[in-house]
Amino acid sequence: MTLWRALRRFLKADGMIYSGYLAFLSLLALLPVLGVLFWLSQQSSIIKAADGAFRDFLFTNLFPETAKQVVAVVDKLRANAKGLGMTGVAIIAGDLLLKALALNAAVDRIWGSTRRNLWGFVRGALVVLLVVPPVVAALFWVIRFLEKFLAALMPSLSESIQTVFDPFEIGVPLIAALTLIYRWVPARLNAWKSPLASALLVTVLIVVARYLITHYFAQIQQLKSLYGAFIAFPVLMVTAFVIWALVLYGAALVAEGFGSTSGVRATKAERPRRVANKAMKA
């Protein structure tokens, strides 16, 4: 079964370790990312609108209510980016580039890819840093605009409209972002069917995981007693870890050809070894 093979691939490639590493880097990079976006948003009204939409998507949909205490503090701290000059932006952008390459390395490990050329790494980093955020922001803004427009047009149905649009606010931007990552970050992939199918499944899993974290994990009485007012921190860390684990599991799904008739089961370098092993066993 593809789902089981993908899980085995994910675990054999140290997916849990990479998930923890990427979660740590994501939390570490949260303020620099917001800082760069804030500085850029002062330079253009279009970028400012995209910045606001991207932050609204992250804070409204991905982070549980409990963790928003930390997110709110971080969002206030990003105002310090007013003093950033081009040098500061270049330093932070370089730091974020290294973090994007960590995702490349994790996907390579899962896929068992041969060494890629420089363009392969640059392409993956550009997609993660420069393509995904604007796409997410644009889709989220469009969906929000349609929701507000329909609510203003039919005030009596505003609550029903909000209920209908809620799944689309997180689902459509997240599916688009994951599809782009699964299509362009791996070394060898020339189709859209498997990335799209994997993105759909991972999005459903993220929504379910967020619900469980919000309604069960964040409500554990022992956890509240232990952390008290600081419970937002473990909730935020667990959320980041689970999201990255599911994203990397999606990469394993794509490698196994989930949703398509064929997958990438082995690299060219691996195939001769497997054939030789089978011959020896025979």
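The values are calculated or read from the model by the stated rules, or taken from the named source; none is laboratory data. Being a predicted model, the structure only gives us computed values, none of them experimental. Here Cβ is always computed from backbone atoms with ideal geometry, including for glycine, and neighbour counts include all displayed protein chains. Remember, those area values only see protein heavy atoms, side chains included, never the ligands or the DNA or RNA. Shrake-Rupley method; radii C 1.70, N 1.55, O 1.52, S 1.80 Å.
Just a few scattered comments:
- Residues in region 178-193 that are open to solvent by 10 Å² or more (accessible area, probe 1.4 Å) and either under 17 Å from residue 249 (Cβ atoms) or assigned to a helix (DSSP H, G or I) (or both): 179, 180, 181, 183, 184, 189, 193.
- So residue 247, is it open to solvent by 10 Å² or more (accessible area, probe 1.4 Å), at pLDDT below 75 and out of contact with any His (no Cβ under 6 Å at 6 or more places or on another chain): no
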